[in-house]
Amino acid sequence: MNEPRLSIIVPFRNRQDVLADCLKSIFNSDYQNFEVIAADDHSRDSSVDIAKRFPVKLISLKESLGAGRCRNAGAQASFGSILLFIDSDVLIRKDALTLVVEDFNEMPFLSAVQGIYSDASDYKNFVSRYSNLHYYFYGRQVREKYISSIGTYFFAVKRDVFEKSKGFDEDAATSRLAGEDQLLGYKLHKQGHKIYLDKRIEVEHKKRYSLKEYLVHDIQSGEAQVLRFLSGPKLDFIKHFFSGEVGALIPSNFVLSVFLALSMFVTVMSCLFLAVFWIRTLLLVETVLFYALNGKFLIFGLKRRGGLFFLMSVLLVYLKMLFAGFGCFKGILRHA
């Protein structure tokens, strides 16, 4: 029997709410020359039983060792010449696998292919819809074809490249702070590999956020980015700072927005104690600059989601940047 061209690796832990939909979307693909390895990171719910309903190769870790270890174990159990990592809360379109194979066939010099999030949301609450639209918008804004970082929600890489790079970092602490996907992407980039961003490949992130969960996530992201910068090569950070690459450290407008959000917060606090004209003027200037930086996204949201969504986004985009700023301070304090 011929070996599959694609080995699709889906790591999961306690994902009984989304795993079935993820696997259904994979097996509903137009392209069918693939195998699926479902890698269980020691789930305690019914996720394993759900995985067994599908024609997958199921592997289970004896203890929870993190996403990096889970993905590596899945890769070791696979046979395909191309490894495709898909997160368990992601739904793919029928043509996604076809497009991946097409990319590698038409551009044999590629080492990896990265998809982007779509703006679709299975959840109708505002924060979840905002999150997906935010990911989609900034994925679409990337100028470069070849990127220096990745997201494992949909990431394909040649087996030989993955094996030579020694796969994902399995240190749970490192992965939690820096992201094993971003670490692998940076490593591949430094080794001279071409990672192609195919914006035709859009996948749905089936993730429901409450406001609290979303802002906590922003704190964690801000902390991780700062720790990654403080512990990594500073010259490379500066080099890629204005590149606009997805996941290439931090987009420049995001950094400026975080700085302005923090500055606005300090200015507002000052206004409570010092009723000075220049402080109010400063707040006005900061506010104008902040929303000028985020204006394209807000207008995009207005066109896509309507007036009420736009008005709510005006507040949430500020809270997002502010809490990311709090996370940055947390990262600085942790590193000190």
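Details
- In the range 145-171, the residues that are assigned to a loop (DSSP other than H, G, I, E, B) and within 17 Å of the chain's Cα centre (by Cα): ILE147, SER148, SER149, ILE150, GLY151, THR152, TYR153, PHE168, ASP169
- Residues of the range 269-317 classified as basic (Lys, Arg) and more than 30 Å from ASP119 (Cβ to Cβ), total: 1
Okay, residues lined up against (1) of a type in the set (D, E, K, R); (2) under 21 Å from PHE137 (Cα atoms); (3) at pLDDT below 85:
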| residue | (1), (2), (3) |
| --- | --- |
| ALA156 | no, no, no |
| ASP160 | yes, no, no |
| PHE168 | no, no, no |
| ALA178 | no, no, yes |
| LEU183 | no, no, yes |
| ILE195 | no, yes, no |
| ASP198 | yes, yes, no |
| GLU204 | yes, yes, no |
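- Yes/no for ARG140 being surrounded by fewer than 22 Cβ atoms within 10 Å (Cβ to Cβ) and modelled with pLDDT under 85: no
- The condition of being within 18 Å of GLU180 (Cα to Cα), in contact (Cβ under 8 Å) with a residue 24 or more places away in the chain and assigned to a loop (DSSP other than H, G, I, E, B) does not hold for SER29.
- First in the range 307-328 and under 16 Å from PHE137 (Cβ atoms), second anywhere and acidic (Asp, Glu) and buried (at least 18 other Cβ atoms within 10 Å of the Cβ), Cβ under 9 Å, 6 or more apart: LYS320/ASP218; MET321/ASP218
- Inside the range 179-206, residues that are in a loop (DSSP other than H, G, I, E, B) and farther than 16 Å from ASP87 by Cα make up a count of 4.
Table: residues versus (1) under 24 Å from the mean Cα position of the chain (by Cα); (2) assigned to a helix (DSSP H, G or I); (3) modelled with pLDDT of 95 or more; (4) on the phi > 0 side of the Ramachandran plot.
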site: LEU249; (1), (2), (3), (4): yes, no, no, yes
site: VAL258; (1), (2), (3), (4): yes, yes, no, no
site: MET264; (1), (2), (3), (4): no, yes, yes, no
site: MET269; (1), (2), (3), (4): no, yes, no, no
site: LEU282; (1), (2), (3), (4): no, yes, no, no
site: PHE300; (1), (2), (3), (4): yes, yes, yes, no
site: PHE310; (1), (2), (3), (4): yes, yes, yes, no
site: LEU319; (1), (2), (3), (4): yes, yes, yes, no
site: ILE332; (1), (2), (3), (4): yes, yes, no, no
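- Count of the range 55-80 residues which are surrounded by 17 or more Cβ atoms within 10 Å (Cβ to Cβ) and in a loop (DSSP other than H, G, I, E, B): 5
- When the residues of the range 32-54 are filtered to those that are touching a Leu at 6+ places or on another chain (Cβ under 6 Å) and assigned to a strand (DSSP E or B), the one that is surrounded by the most Cβ atoms within 10 Å (Cβ to Cβ) is ALA38.
The values are calculated or read from the model by the stated rules, or taken from the named source; none is laboratory data. Bear in mind that the values here come from a model prediction, so they are computed numbers and not experimental data. Don't worry about glycine lacking a Cβ; one is built from the backbone with ideal geometry, like all the others, and counts go over all protein chains shown.
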